1. A:Asp134 passes all but one of (1) part of a strand (DSSP E or B); (2) at pLDDT below 90; (3) surrounded by fewer than 16 Cβ atoms within 10 Å (Cβ to Cβ); which number fails?
2. Among the residues of region B:193-202, write down those that are within 14 Å of chain A (Cβ to nearest Cβ) and either surrounded by 13 or more Cβ atoms within 10 Å (Cβ to Cβ) or assigned to a helix (DSSP H, G or I) (or both).
3. Across region B:81-109, what is the total count of residues that are surrounded by fewer than 16 Cβ atoms within 10 Å (Cβ to Cβ), under 23 Å from B:Glu62 (Cβ atoms) and touching a helix residue (DSSP H, G or I) at 6+ places or on another chain (Cβ under 8 Å)?
4. Of the residues B:Ala83, B:Ala185, which is outside any loop (DSSP other than H, G, I, E, B) and either without any contact (Cβ under 8 Å) to a residue 24 or more places away in the chain or under 21 Å from A:Ala135 (Cβ atoms) (or both)?
5. Would you mind telling me which numbered condition in (1) without any contact (Cβ under 8 Å) to a residue 12 or more places away in the chain; (2) touching a strand residue (DSSP E or B) at 6+ places or on another chain (Cβ under 6 Å) B:Pro104 fails?
6. Which ones in region A:104-120 are facing chain B (nearest Cβ under 9 Å) and either in a helix (DSSP H, G or I) or touching a residue at least 60 places away in the same chain (Cβ under 8 Å) (or both)?
7. Basic (Lys, Arg), surrounded by 13 or more Cβ atoms within 10 Å (Cβ to Cβ) and at pLDDT below 90, is that true of B:Lys120?
8. For region B:116-157, name all the residues that are under 14 Å from the mean Cα position of the chain (by Cα), under 19 Å from B:Pro207 (Cβ atoms) and small (Gly, Ala, Ser).
Amino acid sequence: MARSRHQAAPSVNLFPFLSVLAGVMGTLTLIIGSMIQLSLRDANKYIDPSPDGSRKTPVYVECRGEGLVVHPLRWPIARERVADPDGPWAGEVQLMVQRKNTHYVILLVRPDGIDVFRDALTVADAEGIDIGYDAVDSGGDIIIARNRKERLP
Amino acid sequence: MKRRRNPLLPSFDSFLDIVTNVVGVMVLIVIATLVNAGDMQVSLGTPVLRDPPESASRLFFECRGGRVVRLDEQELDRLFRAAVQQHLGKTLDQFDFESVDELPRLFEEHDIGDACYRIKVEVRQFLTSKSLVWVYEPRPDAPGESLAEIHRKGSAYQRALAPLHPRQHFLFFTVRPDSFETFRAARRLARASGLSVGWYPRALDEPLIFSSGGGVGQRVQ
């Protein structure tokens, strides 16, 4: 007796696709994790230029391993010249002395700039100007901006 | 004979839909991360250096290795005086120019301190006088709290802050370069309680030295 040949309808097996998706998911998780790490490490730091409690104008000076950076013009002062009594930092402090009723200095200390910070603080403290300092993580640029819509170059 | 498909076998189609959607969402997260995660806002609060409230007492903390560690000055001072009395049979004011040199040796030979710090003593000679400086060496297994732990309700840090009064106490932190973020979080908590906070950065391997005439640790921001 002849058997009637009844061919089953072709079906699609989605398991290989599932494996590909799982692989993509794992890869994306890795990418997201590493991107967040990299982004946070090198994040730009936006500094609010009008801190509470003072009506004076802050002058921000960044203390890095290689020296000082005076903001917002990003004027660099080499590490070895920070403690120099006739150097550019001493000159900047003298300028601050003349403007001490209207301005004050904030030193932004990077983790690698602790020695530079101490030299800068010693010079500034000796002149009796108003001064403050704060800890800023490494990586990224410091951008002085009241809010993110006012980014400075 | 045609085989019938078992209706009890699970279908993976719905699962596949979910996985596909998760992948899609993750792609969106990648894009959002790229756009936004590059920027951080730093709020400085009130950074001008000033004196702490008059006659306010200081609580000292150290931020190192991403942890906040309490340095109990009163307790370490008590342990120091007790050890001198116990081992040398003298009070501190009974030492003279010659005998003060016994102190560094005593603290080198005996491990004296609390759970967080070991006390060591150095004698520094000036022209005609000698003065003592206290070196507090952090213990490797010192208890401390991480950034996440200090935020927990009932953490040791928050318990230390709870009884403090802004007019009677202020906080001072020594901050190592690996703990800037932890320090800022601890400072935020202290400021939220109305307390004044001072800080000073120190290199990772720089010893923690206290002396009677030290200028660091006397100003807040």
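1. The failed condition is (3).
2. Within region B:193-202, B:Ser196, B:Val197, B:Gly198, B:Trp199, B:Tyr200, B:Pro201, B:Arg202 qualify.
3. Count: 1.
4. Working: B:Ala83 fails: either without any contact (Cβ under 8 Å) to a residue 24 or more places away in the chain or under 21 Å from A:Ala135 (Cβ atoms) (or both).
Answer to the check: B:Ala185.
5. If we test B:Pro104 against (1) without any contact (Cβ under 8 Å) to a residue 12 or more places away in the chain; (2) touching a strand residue (DSSP E or B) at 6+ places or on another chain (Cβ under 6 Å), just (1) comes out false.
6. Within region A:104-120, A:Leu108, A:Pro111, A:Asp112, A:Gly113, A:Ile114, A:Asp115, A:Phe117, A:Arg118 meet the criteria.
7. So B:Lys120 fails the test.
8. If the condition is that a residue be under 14 Å from the mean Cα position of the chain (by Cα), under 19 Å from B:Pro207 (Cβ atoms) and small (Gly, Ala, Ser), then B:Ala142, B:Gly144 are the ones that fit.
The values are calculated or read from the model by the stated rules, or taken from the named source; none is laboratory data. These figures come from a predicted structure and were not determined experimentally. With ideal geometry, Cβ positions are generated from the backbone for all residues, glycine too; neighbour counts draw on all protein chains shown.
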